[in-house]
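The values are calculated or read from the model by the stated rules, or taken from the named source; none is laboratory data. Just so we're clear, the structure is a prediction, and the values are computed from it rather than from any experiment. In this analysis, Cβ positions are derived from the backbone assuming ideal geometry, glycine residues included, and neighbour counts consider all displayed protein chains.
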Amino acid sequence: MDSADRPNGPQSEYATDRRSHLLNGSTVEHYLRSMTQCIERLASRFADVDRPFSGISAPQLDAAISGIDLQRPVADTAAALDELGHIYLRDAVYFHHPRYLGHLNCPVVIPAVLGEAFLSSINSSLDTWDQSAGGTLIERRLIQWTAAHLDLGDAADGVFTSGGTQSNLQALLIARDETCAGLARTVLTSRKSELLPRLRILTSEVSHFSIATSAALLGLGREAVISVPTDQDKRLRTDDLVREVDRCRQDGLVPMAVVATAGTTDFGSIDPLHQIADICAQEGIWMHVDAAYGCGLLVSRRRDLLDGIGRADSVTVDFHKSFFQPVSSSAVLVRDRSMLAHVTYHANYLNPAGGSDTHAPNQVDKSLQTTRRFDALKLWLTLRIMGPDMVGALFDDVVDLAAATWRLMADDPRFEVVTQPQLSTLVFRYVPPDGSHPDLVDEVNLYVRQALLSSGEAVVAATTVDGAHYLKFTLLNPQTSLDDIADVLGLIAGHAEEFLSDTDDRGKTRVEAS
């Protein structure tokens, strides 16, 4: 940028050397002033939030953002933050509001936000010891803590990841390569390209889409994922699992992994872990548990719902779902640390083979990522300030709320709930209580969700069950009350009745006109 284009008033930060924007010992006053201005604006906005969303449309917001000339900076930090208030803070979706009932997004605990400030300011990279030092050891200690809560045993290990999708991908990569290594000892070829077409992944029909994505990325193709039916509670049916394994064997295919889910995205259902572990042990199949959502049970009074998870070969956990951590904070763990060698690659400039000092460990040896944030620090400060019991109690609060919500809706003829929740999600739909308009139930539920979002009064999610459209409450805010739920149900019914009334009026108009 030409100097003539820069703001040059007396308050302009460009009046100082450009290096004054870099965080170092000589810019601590600038750092403190800027962070204070940021926090003051955030605190003010949090205090003013009266609904989870403003209701602004994408074209409206895009017009404001696309009109900003990124080649021409504003005068100072305060001006930039004021601008940000208009294009982001004002219209952000606020997960901490009690009527945000949409996706698996949680309000965050303050100790974790402190961790975010530390890790962003220092900017450690958790790939090698010489870039992170204590960060490496803190992450390793948290992996040990998590493995102990999972009952994975003393040989367990793992690494933090960007989220459940990456955790599932890494676990299935390890399962793929371990299966191929075993096949190479028993078949005529060891060429992976010839083995891959035979591999299959078995998982429930309501498991996370990242399983199919992982199969595609691993060279297996989405068709390598075999969908196993679920029971009325949306839990994988083990009798069908056995039949599918047998069918694979008969067709000359190789079951590479069974993915059990501990907390499905839509229903919060937990597959029968012990039974699945028995099948995998008998058949010699890798067992992975996707506990991205259900991992909050590890510190909950409901820990017994995860019994059997310690028998898994690998486990995904997402602390940014049920441990109330900022995105991102996830991990993948394996019961046998030697399995992590399947993702180990060496670079002479980074972690040369044979040159690793056992007293200076490199986390990149376990990870799909190279540069990686010190996200573990957020969980560390949460545990050190709040403790696991308090985090578990917060998760129990939302599970208790889901149970109370289910009872409320079960007694309300306006709503049809798919299944009683194990965790904190409910899939339901509005149905006219008088039985009218059966052909409009899909349309009315689609309309209701959009009407709520456009008004900003509440945010709910949507899904389909057997091809029909449903709404979904995802309850991850311990500050949401049953009164909040009742109010949102009232809003849903009001919008639905408005839609049906307008439909009737349009129908009458057409009849009269004819």
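Restricting attention to region 271-288, which residues are out of contact with any Ser or Thr (no Cβ under 7 Å at 6 or more places or on another chain) and surrounded by 19 or more Cβ atoms within 10 Å (Cβ to Cβ)?
Our first condition is that a residue be out of contact with any Ser or Thr (no Cβ under 7 Å at 6 or more places or on another chain); within region 271-288, this holds for 273-274, 277-278, 280-285, 287.
Of everything in region 271-288, those that are out of contact with any Ser or Thr (no Cβ under 7 Å at 6 or more places or on another chain) and surrounded by 19 or more Cβ atoms within 10 Å (Cβ to Cβ) turn out to be 273, 277, 280, 285, 287.
Go through the residues of region 434-452 one by one and say whether even a single one is under 30 Å from residue 146 (Cβ atoms) and either surrounded by 15 or more Cβ atoms within 10 Å (Cβ to Cβ) or modelled with pLDDT of 95 or more (or both).
no
Look at residue 305 and say whether it is buried (at least 23 other Cβ atoms within 10 Å of the Cβ) and in contact (Cβ under 8 Å) with a residue 60 or more places away in the chain.
Numbers: buried (at least 23 other Cβ atoms within 10 Å of the Cβ): no; in contact (Cβ under 8 Å) with a residue 60 or more places away in the chain: yes.
For residue 305, the condition - buried (at least 23 other Cβ atoms within 10 Å of the Cβ) and in contact (Cβ under 8 Å) with a residue 60 or more places away in the chain - is not met.
Take the residues in region 345-358 that are surrounded by fewer than 14 Cβ atoms within 10 Å (Cβ to Cβ) and touching a helix residue (DSSP H, G or I) at 6+ places or on another chain (Cβ under 9 Å); name whichever of them is modelled with the lowest pLDDT.
In the first step, residues of region 345-358 are kept if they are surrounded by fewer than 14 Cβ atoms within 10 Å (Cβ to Cβ); the result is 345, 347-349, 352-355, 357-358.
Still in the running and touching a helix residue (DSSP H, G or I) at 6+ places or on another chain (Cβ under 9 Å): 345, 347, 357.
Values: 345: 91, 347: 90, 357: 62.
The qualifying residue modelled with the lowest pLDDT is 357.
List pairs: first residue in region 139-153 and under 15 Å from residue 295 (Cα atoms), second residue in a helix (DSSP H, G or I) anywhere in the structure, Cβ distance under 6 angstrom, at least six positions apart or on different chains.
Pairs that qualify, where the first residue is under 15 Å from residue 295 (Cα atoms) and the partner is in a helix (DSSP H, G or I), are 142/376; 142/379; 149/298; 150/309; 150/310; 151/310; 152/310.
For residue 154, indicate whether it is modelled with pLDDT of 95 or more, out of contact with any Leu (no Cβ under 6 Å at 6 or more places or on another chain) and assigned to a loop (DSSP other than H, G, I, E, B). Please lay out each step first, then the result.
Working: modelled with pLDDT of 95 or more: yes; out of contact with any Leu (no Cβ under 6 Å at 6 or more places or on another chain): yes; assigned to a loop (DSSP other than H, G, I, E, B): yes.
When the stated conditions are applied, residue 154 passes them.
Filter region 372-417 down to the residues that are basic (Lys, Arg) and either touching a Ser or Thr at 6+ places or on another chain (Cβ under 6 Å) or part of a helix (DSSP H, G or I) (or both) and list them by number. Please lay out each step first, then the result.
Residues of region 372-417 that are basic (Lys, Arg), as a first pass: 372-373, 378, 384, 407, 414.
If the condition is that a residue be basic (Lys, Arg) and either touching a Ser or Thr at 6+ places or on another chain (Cβ under 6 Å) or part of a helix (DSSP H, G or I) (or both), then 378, 384, 407 are the ones that fit.
What number of residues in region 206-258 are basic (Lys, Arg) and not in a helix (DSSP H, G or I)? Show your work before the answer.
Quick first cut of region 206-258, residues basic (Lys, Arg) only: 222, 234-235, 237, 243, 247, 249.
Going one step further and asking which of them are not in a helix (DSSP H, G or I), we end up with 234-235, 237.
The total comes to 3.
Out of 474, 503, 464, I need the residue that is hydroxyl-bearing (Ser, Thr, Tyr) and either at pLDDT below 95 or surrounded by fewer than 11 Cβ atoms within 10 Å (Cβ to Cβ) (or both). Which one?
Numbers: 474 fails: either at pLDDT below 95 or surrounded by fewer than 11 Cβ atoms within 10 Å (Cβ to Cβ) (or both); 464 fails: either at pLDDT below 95 or surrounded by fewer than 11 Cβ atoms within 10 Å (Cβ to Cβ) (or both).
Exactly one residue qualifies, and that residue is 503.
Determine, yes or no, whether residue 296 is buried (at least 24 other Cβ atoms within 10 Å of the Cβ), of a type in the set (Gly, Ala, Ser) and not in a strand (DSSP E or B). Walk me through it before giving the result.
On the way: buried (at least 24 other Cβ atoms within 10 Å of the Cβ): yes; of a type in the set (Gly, Ala, Ser): yes; not in a strand (DSSP E or B): yes.
Taking the combined requirement at face value, the residue satisfies it.
What's the number of the condition residue 207 fails, among (1) over 19 Å from residue 318 (Cβ atoms); (2) at pLDDT 95 or above; (3) out of contact with any helix residue (DSSP H, G or I) (no Cβ under 9 Å at 6 or more places or on another chain)?
(1)
Can you tell me which residues in region 147-165 are out of contact with any helix residue (DSSP H, G or I) (no Cβ under 6 Å at 6 or more places or on another chain) and buried (at least 22 other Cβ atoms within 10 Å of the Cβ)?
147, 164
With the structure loaded, tell me whether residue 72 is part of a loop (DSSP other than H, G, I, E, B), of a type in the set (D, E, K, R) and over 19 Å from residue 449 (Cβ atoms) or whether it fails that test.
Against the criterion (part of a loop (DSSP other than H, G, I, E, B), of a type in the set (D, E, K, R) and over 19 Å from residue 449 (Cβ atoms)), residue 72 qualifies.
Can you tell me which of 205, 194 is surrounded by fewer than 16 Cβ atoms within 10 Å (Cβ to Cβ), touching a strand residue (DSSP E or B) at 6+ places or on another chain (Cβ under 9 Å) and more than 30 Å from residue 137 (Cβ to Cβ)? Step through it out loud before you land on a result.
On the way: 194 fails: touching a strand residue (DSSP E or B) at 6+ places or on another chain (Cβ under 9 Å).
Step by step, each of 205, 194 is checked, and only 205 is surrounded by fewer than 16 Cβ atoms within 10 Å (Cβ to Cβ), touching a strand residue (DSSP E or B) at 6+ places or on another chain (Cβ under 9 Å) and more than 30 Å from residue 137 (Cβ to Cβ).
Whether any residue in region 158-180 is outside the structural domain of residue 55 (by TED's automatic domain parsing), touching a residue at least 12 places away in the same chain (Cβ under 8 Å), in a loop (DSSP other than H, G, I, E, B) and charged (D, E, K, R) is what I want to check. Show your work before the answer.
Let us first name the residues in region 158-180 that are outside the structural domain of residue 55 (by TED's automatic domain parsing), namely 158-180.
This time we only want the ones that are touching a residue at least 12 places away in the same chain (Cβ under 8 Å), so: 158-180.
If we keep only those that are in a loop (DSSP other than H, G, I, E, B) too, we end up with 162-163.
Now narrow it down to the ones that are charged (D, E, K, R): none.
No, because not a single residue in region 158-180 is outside the structural domain of residue 55 (by TED's automatic domain parsing), touching a residue at least 12 places away in the same chain (Cβ under 8 Å), in a loop (DSSP other than H, G, I, E, B) and charged (D, E, K, R).
Name the pairs: first residue in region 231-254 and more than 28 Å from residue 265 (Cα to Cα), second residue not aromatic (Phe, Trp, Tyr), Cβ to Cβ under 6 Å, at least 6 apart or on different chains?
253/198; 253/200
Residues being crowded, with 17+ Cβ neighbours inside 10 Å and touching a Ser or Thr at 6+ places or on another chain (Cβ under 9 Å): count how many of those fall in region 119-137. Let's see the steps before the verdict.
Just the residues of region 119-137 that are crowded, with 17+ Cβ neighbours inside 10 Å, to begin with: 119, 124-129, 131-132, 135-136.
With touching a Ser or Thr at 6+ places or on another chain (Cβ under 9 Å) added as a condition, the list becomes 124-129, 131-132, 135-136.
Residues that pass the stated criteria total 10.
Out of (1) under 19 Å from residue 254 (Cβ atoms); (2) within 23 Å of the chain's Cα centre (by Cα), what's the single condition that is false for residue 297?
The single condition residue 297 does not satisfy is (1).
Scan 161, 186 and give me the residue that is among the polar types (S, T, N, Q) and out of contact with any Lys or Arg (no Cβ under 9 Å at 6 or more places or on another chain).
Values: 161 fails: out of contact with any Lys or Arg (no Cβ under 9 Å at 6 or more places or on another chain).
Just a single option satisfies the conditions, and that option is 186.
When the residues of region 443-492 are narrowed to those that are part of a loop (DSSP other than H, G, I, E, B) and touching a His at 6+ places or on another chain (Cβ under 8 Å), which ends up farthest from residue 101 (Cα to Cα)? It would help to see each step written out before you state the result.
At the first step, the residues of region 443-492 found to be part of a loop (DSSP other than H, G, I, E, B) are 456-458, 466-467, 475-481.
From the residues that got through so far, the ones that are touching a His at 6+ places or on another chain (Cβ under 8 Å) too are 477, 479.
Numbers: 477: 8, 479: 12 Å.
Across region 443-492, the extreme among qualifying residues is 479.
Could you list all residues from region 51-77 that are without any contact (Cβ under 8 Å) to a residue 24 or more places away in the chain and more than 25 Å from the chain's Cα centre (by Cα)?
Within region 51-77, 59, 60, 62, 63, 64, 65, 66, 67, 68, 69, 70 meet the criteria.
Per-residue answers, yes or no, for (1) acidic (Asp, Glu); (2) at pLDDT 95 or above:
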site: 30; (1), (2): no, no
site: 37; (1), (2): no, yes
site: 45; (1), (2): no, yes
site: 76; (1), (2): yes, no
